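The values are calculated or read from the model by the stated rules, or taken from the named source; none is laboratory data. Just so you know, these numbers come straight off a predicted model, no measurement behind them. Glycine gets a Cβ as well: all are built from the backbone with ideal geometry, and neighbour counts include every protein chain shown.
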Amino acid sequence: MITNKKRNLQVTIFLVASSFIAAHLCFWILPNVFQTWNAQTVDRLFLFRSNSEDLRPHYDDTIVHVDLSNSSIQKLSNFYLNRSHHAQLVRNLTAMNVSVQLYDFIFAARSNQEEDSALIDAAEKAGNVYFGLAFELLNEGKSKFNQPKGAKQLQYLDKTKWHVVLKGDPTSLYVGANPLITFPALAFASRGLGYLSLKFDPDGVFRRLPLLVRYEGAFYPSFAFRAICDYLNVSPENIIIKPGKTITLKDAKRPGETTPHDIVIPIDQYGNMLINFIGPWERMKHYDFADILIASEDRDKMEMWLEELSGKIVVVSEVFTGSSDVGPVPTDTNFPLPGLHANVIHAILTESFLRELSGREMLFIELLLLLTLLIVSLRFSSLPFSLGTVAVGGSYVVIAALFFFYGHLIFHIVRPLLMTTFAFISILAFRYINEEKEKVILRRTFEAYFPPLIVKKIMANPKMIASGGQKKELTILFSDIKDFSSFSATMTPDHVQRLLSEYFEAMTEIVFKYHGTLDKFIGDGLMVFFGDPDPQPDHPLRCVQAAIDMQMKVREIKTKWEKQGDMPIQIRIGINTGTVVVGNMGSARRLSYTIVGSAVNLAKRLESNAPPGGILISQQTYDMVKEHVHTRPLERIQVKGFDKFISTYEVPVEGKLT
């Protein structure tokens with residue numbers, strides 16, 4: 001038993017450890033499958049949060065959108081807006097005293113002199129206008145790339161690249177290659193350019209954005225990062241990047257603030273910041289491009305817009321039907337991608353960053369989860385263990401969700417649940433196989449002592465075999481072969497074993513026929529009781545019937561053996577009915593389902609006093625079978641261990657039951 005417990009502990013620990021390894025192997029071998037499942041699970045938390053008024057993040061309306069939409073085109077009655085229109089919008093937003101104008105456009109080439117000049121002049125006078133550029137984002141060494149052919153493009157990029165403070169190895173960060181920039185004259189007139197390039201996850205969903213990429217021995221900022229750093233008055237030399245860890249904005253402060261402070265942004269190994277989406281596209285304030293454009297025609301409207309937009313960070317973008325600048329994000333399947341830049345700015349401005357737990361942190365959590373699962377598996381049986389495992393997995397999901405909602409921490413969800421599922425299935429499978437093996441062994445053990453029908457009942461209801469003793473009235477039978485010791489002394493061991501096997505096989509079959517319990521073999525003797533574990537109101541009669549059949553069978557065996565030249569077998573049988581203690585008894589190493597008590601001793605004494613080939617029963621047994629069995633009263637006898645004389649009766653073997 002102790003050995004089995006130790007083995008079960010070792011196997012359970014092995015299965016739990018194997019589940020941990022198997023879950024990690026799944027993510028290592030098929031990362032695009034399992035990492036995607038995990039990301040999509042976290043997406044459900046974003047969606048749940050965005051639909052809940054209580055959980056939805058606070059929106060700082062310093063960031064707003066100006067949308068060139070279907071409505072704008074209808075109001076202007078012009079689908080093809082030229083750069084003069086954009087120049088007028090820049091002038092109007094400047095008059096409305098906005099802090100930052102971010103144009104989610106790349107004006108890659110000149111159009112015509114008049115329109116280009118108007119836009120260049122408006123951007124230069126505004127002093128807060130940002131335009132886009134595009135990079136191909138590459139991992140170092142994965143692809144060759146070409147620099148732009150135009151000398152002015154090279155000159156602009158070289159002059160505007162950032163020299164930040166680098167602490168760590170930057171080789172894992174993206175490299176900006178094959179740039180496409182807003183044409184140089186407009187780029188030089190603007191406050192700056194930032195790249196609009198994005199990287200989606202393997203499932204095509206946009207969840208993160210690289211804030212900086214390496215470019216020509218320095219760095220280049222993203223569209224949103226360039227604008228927000230200027231807004232917070234953080235120069236490149238005050239930006240500290242620790243690849244795979246953080247980007248720190250030293251001494252950042254909003255316009256009008258007097259006390260600067262550091263802003264620490266978590267990033268991954270590629271320089272990506274997880275975007276903390278505050279909700280669907282409609283969550284931020286949106287204004288119509290046409291309304292801003294035509295506002296300059298009315299002084300009252302301009303004053304109204306001045307009051308509305310003063311100090312705002314404005315993102316201008318195309319969102320009309322047919323625009324290709326849309327994609328799936330955690331909160332929306334068709335999200336205008338300019339919203340990614342706005343959400344990045346919002347997160348930095350409000351310092352509401354999401355952080356994924358590191359590998360070391362998740363390892364600690366997973367080991368703690370496995371330890372909990374191991375304790376549950378060792379302390380509880382299969383059903384409580386199953387419920388406990390579900391509770392552990394469910395609790396982990398709830399805890400992960402709470403940390404996401406209130407702590408801005410992203411737990412790995414799928415891998416711990418996969419690990420828990422593997423452990424749950426493997427432990428239950430082991431238990432099932434182990435229990436089936438134990439049942440086979442137990443069934444074989446029971447079959448040696450109980451008839452098949454009783455064995456089936458015991459296997460279906462193990463409580464029939466009480467772990468502790470119980471007092472019951474039973475009928476006990478002892479049998480013994482007359483003079484077996486003297487005969488066996490003249491036989492070989494194999495011969496003795498063969499004869500006893502034949503004899504005991506025949507006797508056991510008869511005992512089981514009457515649903516008796518075979519307690520034990522005692523040398524050439526037999527101890528049997530009736531009435532337990534299957535309750536039998538007629539157990540005395542069953543016992544006497546079995547005894548008669550046993551004597552009849554021995555007579556057949558005697559005839560057979562004498563013909564073979566073997567011993568002339570005769571047996572004595574003693575039967576008594578009385579109260580005994582029945583149950584599993586013995587030590588922790590060896591238990592036996594047996595009976596004890598004076599009634600047992602008396603049955604043994606009756607067997608010793610029975611005539612060879614005869615059946616001797618006690619007064620108690622006689623009183624319960626006399627209406628059904630022929631008997632002959634014998635003289636009262638004195639037996640060892642009993643003070644009083646005992647009344648006895650002999651059951652004629654040839655007599656018939658009435």
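The table below lists the values:
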{"item": "Residue list for the stretch 193-226, restricted to those being farther than 20 Å from P328 by Cβ, small (G, A, S) and surrounded by fewer than 18 Cβ atoms within 10 Å (Cβ to Cβ)", "result": "G217, A218"}
{"item": "Search result, residues across the stretch 624-639 that are loosely packed, with under 14 Cβ neighbours inside 10 Å and either outside the structural domain of G525 (by TED's automatic domain parsing) or touching a residue at least 40 places away in the same chain (Cβ under 8 Å) (or both)", "result": "H628"}
{"item": "Long-range neighbours under 8 Å by Cβ, at least six apart or interchain, first residue within 17 Å of G525 (Cα to Cα) within the stretch 481-494, second in a helix (DSSP H, G or I) and hydroxyl-bearing (S, T, Y)", "result": "I481/Y503"}
{"item": "Pairs, first within 16 Å of S618 (Cα to Cα) and among the small types (G, A, S) in the stretch 640-658, second at pLDDT 85 or above and exposed (fewer than 14 other Cβ atoms within 10 Å of the Cβ), C-beta under 8 Å, six or more apart", "result": "G641/S598; S647/P633; S647/R636"}
{"item": "Candidate set from the stretch 397-426 (those that are buried (at least 19 other Cβ atoms within 10 Å of the Cβ) and out of contact with any Leu (no Cβ under 9 Å at 6 or more places or on another chain)); member that is nearest to F277 (Cα to Cα)", "result": "V414"}
{"item": "Those helices (runs of 4 or more DSSP H) lying entirely in the stretch 285-386 with at least 1 residues in contact (Cβ under 8 Å) with a residue 60 or more places away in the chain and over 35 Å from the mean Cα position of the chain (by Cα)", "result": "289-294, 299-309, 338-350"}
{"item": "Qualifying residues in the stretch 72-106 (those that are in a helix (DSSP H, G or I) and among the hydroxyl-bearing types (S, T, Y)) - the one surrounded by the most Cβ atoms within 10 Å (Cβ to Cβ)", "result": "S72"}
{"item": "Where G583 falls short, out of the listed (1) part of a strand (DSSP E or B); (2) modelled with pLDDT of 90 or more", "result": "(2)"}
{"item": "Filter pass, R207 being charged (D, E, K, R), within 42 Å of the chain's Cα centre (by Cα) and either assigned by TED's automatic domain parsing to the domain that holds V129 or under 30 Å from E115 (Cβ atoms) (or both)", "result": "yes"}
{"item": "Top-ranked residue of the stretch 64-104 - restricted to ones that are aromatic (F, W, Y) and over 19 Å from K312 (Cα atoms), ranked as modelled with the lowest pLDDT", "result": "F79"}
{"item": "Residues located in the stretch 15-33, provided they are over 22 Å from L428 (Cα atoms) and either among the polar types (S, T, N, Q) or part of a helix (DSSP H, G or I) (or both)", "result": "F27, W28, I29, P31, N32, V33"}
{"item": "Lone qualifier among D483, D519, D524, D566 - being farther than 17 Å from V625 by Cβ, surrounded by fewer than 15 Cβ atoms within 10 Å (Cβ to Cβ), assigned by TED's automatic domain parsing to the domain that holds L616 and of a type in the set (D, E)", "result": "D483"}
{"item": "Scan of the stretch 175-192 for residues that are among the hydrophobic types (A, V, I, L, M, F, W, C), within 14 Å of G132 (Cβ to Cβ) and part of a strand (DSSP E or B), ordered by number", "result": "L180, I181"}
{"item": "In the stretch 22-74, the residues that are farther than 25 Å from V344 by Cβ, in contact with a Phe, Trp or Tyr (Cβ under 6 Å, 6 or more places away or on another chain) and in the same structural domain as H286 (by TED's automatic domain parsing)", "result": "N70, I73"}
{"item": "Qualifying residue in the stretch 146-159 (condition: assigned to a loop (DSSP other than H, G, I, E, B), closer than 24 Å to K250 by Cα and at pLDDT 90 or above)", "result": "no"}
{"item": "Set V600, V528, V554: member being of a type in the set (A, V, I, L, M) and in a strand (DSSP E or B)", "result": "V528"}
{"item": "Subset of the stretch 49-71 (residues that are in contact (Cβ under 8 Å) with a residue 60 or more places away in the chain, out of contact with any His (no Cβ under 9 Å at 6 or more places or on another chain) and surrounded by fewer than 17 Cβ atoms within 10 Å (Cβ to Cβ))", "result": "L55, R56, H58, D61, N70, S71"}
{"item": "Residue count for the stretch 252-273, restricted to those that are surrounded by 12 or more Cβ atoms within 10 Å (Cβ to Cβ) and in a loop (DSSP other than H, G, I, E, B)", "result": "8"}
